[in-house]
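Q: Sending over a structure as structure tokens; questions will come in a sec.
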Amino acid sequence: KFLSNYLDKGKIRMVEKQYFIGIDNGTQSTKTLVIDGENGQVLGKASKSYGLIEGLPPGHKEQDPKVWIEALHYTIREALRKSKINPKYVRAIGVSGQQHGFVPLDAEGNVIRPVKLWNDTSTIEECEILTRRMGGKKAVIDALGLTIPPGFTAPKILWLKRHEPENYSKLATVLLPHDYLNFYLTGNKVMEYGDASGTALMNVRTRSWCDKILEIIDPNLKEKLPPLQPSDKPAGKIRKTIAEEFGFREDVLVSAGGGDNMMGAIGTGNTRNGIVTASFGTSGTIYAYSDVPIIDPEGEIAAFCDSTNAWLPLLCTMNVTVATEFVRNLFRMSHEELTEAVLKAPPGSDGLILLPYFEGERTPNVPDGTGVFFGLNSKTFNVAHLARAAMEGVTLGMNYGLNRMKELGIKPSQIRLTGGGSKNRAWRQIAADIFGVDVVCLKIDEGAAYGAALQAMWTYRRYNGEKISIQEITDQFVEIDEETLVSPKPSNVSIYKELQKIQNEVSLSLRRTFSKHRAYLNRFVSK
């Protein structure tokens, strides 16, 4: 303390350590990291798994937020223990959360019912109602900048109003999963632009609530929405009881946080034009940074805001490791055995193509779609071909959206891979060949949690008067793993371009068939 007062007199300055915590609230687990504010190194990390509520009807995907709170406490405590730091030097906390989930609170701040999640497809009818009353798809895009698929929050709110009016009558506040954890940590109810842009309640161009859709759902809905704020402004300071539990000081900031994709963009250094992130998890996402809104007139690419006060054009597919895990478990293979099987089949799987719509699909928008292996014959009906076709099929599905992003002006110079699938060496080569561009992984793979910690650092430094951009922070701390860099093989690129055309045509044909016979086929899909 004595020496720090004499910086302007040329004396040695003693600087207190600065640590930051990033929390990622996912569908299957919560992960927490503690990072060093000086070098960005991960000092400690922890994870806790949980599941969905079982026994629900087809299409319903729900969780009790209690499991998130339990996981938050456990992972913070464990990450701090492993880091061996003094908790009083934690300066800020950032929270990443699964997008679109509807957390309904009553007037006392209690959760009214379990949360309907991003992959809940029970709101197809509500999407149709909202789209029709808004004036059709074009009118929706004009008003919001994106369409209203079943995963988004708006139809979930209408679903509650239509199907559980007693619960809806208690509704006082609408929050998203990461907003709810911010509320738990600070006592404040706020939303930042990034995650809020995935509600289908906000005009992404103006970053303001859309009165038209709010009126359609409920004339009083605006009163139930928290205030919107920029992504570099803190959600608040830590509650005293939380600070005491973990040994934090009471001035610890909680940053605005954001959706997992928005935080993943920060954590992978996707904060400049030309860099694209592809996440190979349960679901798949591809997203890019943009200085301006990227509005898709067809509505296939979501024109999200990001969590740096810019925009994040994004595509989402609901089935990635879902498909490979089905095949792996069907044949009782280890992960390495799955990789070896994939490598035994040739690129293109001799024409065997998977439409991986096992959980329905979002891009293209086929919420009640099903999976199809197309091209099965005596040559391709074996473990190796089925395994490779699964890996190729989900990647072609993601590339369908990437091609649409390219049509809208996104020009990827490098694609940064994250998620469990990115760890597979065979999959990285398939991704490079299908995407037609270099792919690479990151040295720190927990993109969303790491991004949350970096955003917390950015918020803390700006809050204390430092004029620093998020790009400066990601340039300094986010590093690619050169050993994982893979370039596309021209011969394979040609094969996959042809397969892409076939998958697109088969998908469109089957969607038309399903639409024509939807009432009949749904009798079997719902069983």
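Q: One-quarter of the Cα convex hull surface for the stretch 296-389, in nm²?
A: Quarter of the Cα hull surface area: 8.1 nm².
Q: Binned at 10 Å from 0, what are the whole-percent values of the Cα-Cα distance distribution for the stretch 475-515, short to long?
A: 22, 24, 22, 22, 10, 0
Q: A further question on this structure: Once you put a point 7 Å from the Cα of Gln28 and another 7 Å from the Cα of Glu128, both along the Cβ direction, what distance in nm separates them?
A: With each label point 7 Å from Cα toward Cβ, the separation is 3.3 nm.
Q: I'd like the per residue volume of the convex hull spanned by the Cα atoms of the stretch 25-155, given in cubic angstrom.
A: 154
Q: To continue, here is another question. What does the extension gain come out to for Glu298 and Asp211, with contour length at 0.36 nm per residue minus their alpha carbon separation?
A: Additional length available on full extension: 29.1 nm.
Q: At a Förster distance of 45 Å, what's the computed FRET efficiency of Ala172 paired with Asp291, Cβ-Cβ distance as r, to 0.05?
A: Using R0 = 45 Å, I get an efficiency of 0.75.
Q: On a straight-distance basis, which lysines could pair with Lys48 in a cross-link, Cα separation under 19 angstrom, same-chain partners fewer than 8 positions away excluded?
A: Lys31, Lys66, Lys82
Q: Could you look at the chain and say what percent of its accessible area is carbon and sulfur, using a 1.4 Å probe and all protein chains?
A: 50
Q: Go from 0 up to the bin containing the longest alpha carbon distance in the stretch 171-307, width 5 Å each, and give me the % of pairs per bin.
A: 2, 10, 16, 19, 18, 15, 11, 6, 2, 0, 0
Q: Then there is this: Starting from the Cα gyration tensor of the stretch 247-349, take the square roots of the eigenvalues, sort them a ≥ b ≥ c, and report rounded, prolate or oblate (rounded when a/c is under 1.5, otherwise prolate if a/b is larger than b/c, else oblate).
A: It is oblate, given that a/c is not under 1.5 and a/b is not larger than b/c.
Q: I would also like to ask the following. Which value results for Rg/Rh of the stretch 83-239 when Rg is the Cα radius of gyration and Rh the Kirkwood radius based on the inverse mean 1/r?
A: Radius of gyration relative to Kirkwood radius: 1.00.
Q: Let me ask you something else. Restricting to DSSP loop positions (anything but H, G, I, E, B) with no more than 12 other Cβ atoms inside 10 Å of their own Cβ, which GluC sites (Glu not before Pro) remain in the stretch 397-467?
A: Here the sparse-neighbourhood loop sites are Glu466.
Q: With point charges of +1 on the Cβ of Lys and Arg and -1 on the Cβ of Asp and Glu, referenced to the Cα centre of the chain, which listed residue (Val342, Ser279, Gly269) lies farthest in the positive direction of the dipole?
A: Projecting each Cα onto the dipole axis, the largest value belongs to Gly269.
Q: Please work out the C-alpha center-to-center distance from the stretch 299-373 to the stretch 180-215 and express it in whole Å.
A: With the stretch 299-373 and the stretch 180-215 each reduced to a Cα centre, they are spaced 29 Å.
Q: Taking every pair of alpha-carbon atoms in the stretch 131-199, give the share separated by more than 14 Å as a whole percent.
A: The share of Cα pairs beyond 14 Å in the stretch 131-199 comes to 67 percent.
Q: Still on this model: If a/c stays under 1.5 just call it rounded; otherwise compare a/b with b/c (prolate if a/b is bigger, oblate if not). Do that for the stretch 435-527, with a ≥ b ≥ c from the square roots of the Cα gyration tensor eigenvalues.
A: It comes out oblate by the Cα gyration axes.
Q: Determine the order of Asp445, Asp306 by accessible area, beginning with the largest, at a probe radius of 1.4 Å.
A: Descending accessible area places them as Asp445, Asp306.
Q: I've got another one for you. Using only the alpha-carbon atoms, what does the stretch 359-454 span along each of its principal axes? Please give whole angstrom values in decreasing order.
A: Result for the stretch 359-454: principal-axis Cα extents of 51, 29, 25 Å.
Q: Only four residue types carry charge here, +1 at the Cβ of Lys and Arg and -1 at the Cβ of Asp and Glu. Report the dipole size of the stretch 389-527 about the Cα centre in Debye, rounded to the nearest 20.
A: 1000
Q: Fully extended, how many nm does the chain gain between Lys17 and Thr241 (0.36 nm per residue separation, minus their Cα-Cα distance)?
A: Value of the extension gain: 78.3 nm.
Q: Okay, next question. With each label point set 7 Å from Cα along the Cα-Cβ vector, what nm distance links Ile480 and Arg272?
A: In this crude spin-label approximation the distance works out to 1.1 nm.
Q: Given only helices, namely DSSP H runs of n ≥ 4 each adding -39500 (n - 2.57), what is the per-residue ellipticity at 222 nm of the chain, to the nearest 500 deg cm²/dmol?
A: Computed ellipticity for the chain at 222 nm equals -12000 deg cm²/dmol.
Q: Please compute the contact order of the chain in relative form: average sequence separation of alpha-carbon pairs under 8 Å and at least six residues apart, divided by the residue count, as a percent.
A: 15
Q: Can you tell me the Rg and Dmax of the chain, counting just the alpha carbons, in angstroms?
A: Using the Cα atoms of the chain, the pair Rg, Dmax is 23.0, 83 Å.
Q: Could you provide, to the nearest whole Å², the per residue accessible area of the chain with probe 1.4 Å?
A: Per-residue value: 41 Å².
Q: With +1 on each Lys and Arg Cβ and -1 on each Asp and Glu Cβ, how big is the dipole of the stretch 398-448 about its Cα centre, in debye rounded to the nearest 20?
A: In debye, rounded to 20, the stretch 398-448 gives about 40.
Q: Considering the Cα trace of the stretch 190-270, what is its radius of gyration and what is Dmax, both in angstroms?
A: 15.7, 47
Q: Give the separation of the Cα centroids, the stretch 258-283 to the stretch 378-445, in Å.
A: Each part's Cα centre sits 15 Å from the other's.
Q: Using the Cα centre of the chain as the reference point, and only Cβ charges (+1 on K/R, -1 on D/E), how large is the resulting charge dipole? Debye, rounded to the nearest 20.
A: The dipole of the chain has a size of about 240 debye.
Q: Report the number of Lys pairs in the stretch 304-459 whose alpha-carbons are under 25 Å apart, with separation of 8 or more residues or on distinct chains.
A: For the stretch 304-459, qualifying lysine pairs total 5.
The values are calculated or read from the model by the stated rules, or taken from the named source; none is laboratory data. From a predicted model like this one, the values you see are computed outputs, not experimental measurements. All Cβ positions, even for glycine, are placed from backbone atoms using ideal geometry, and neighbour counts span all protein chains on display. For the accessible areas, the whole protein counts, side chains as well, though only heavy atoms, and no ligand, DNA or RNA atoms are used. Shrake-Rupley method; radii C 1.70, N 1.55, O 1.52, S 1.80 Å.
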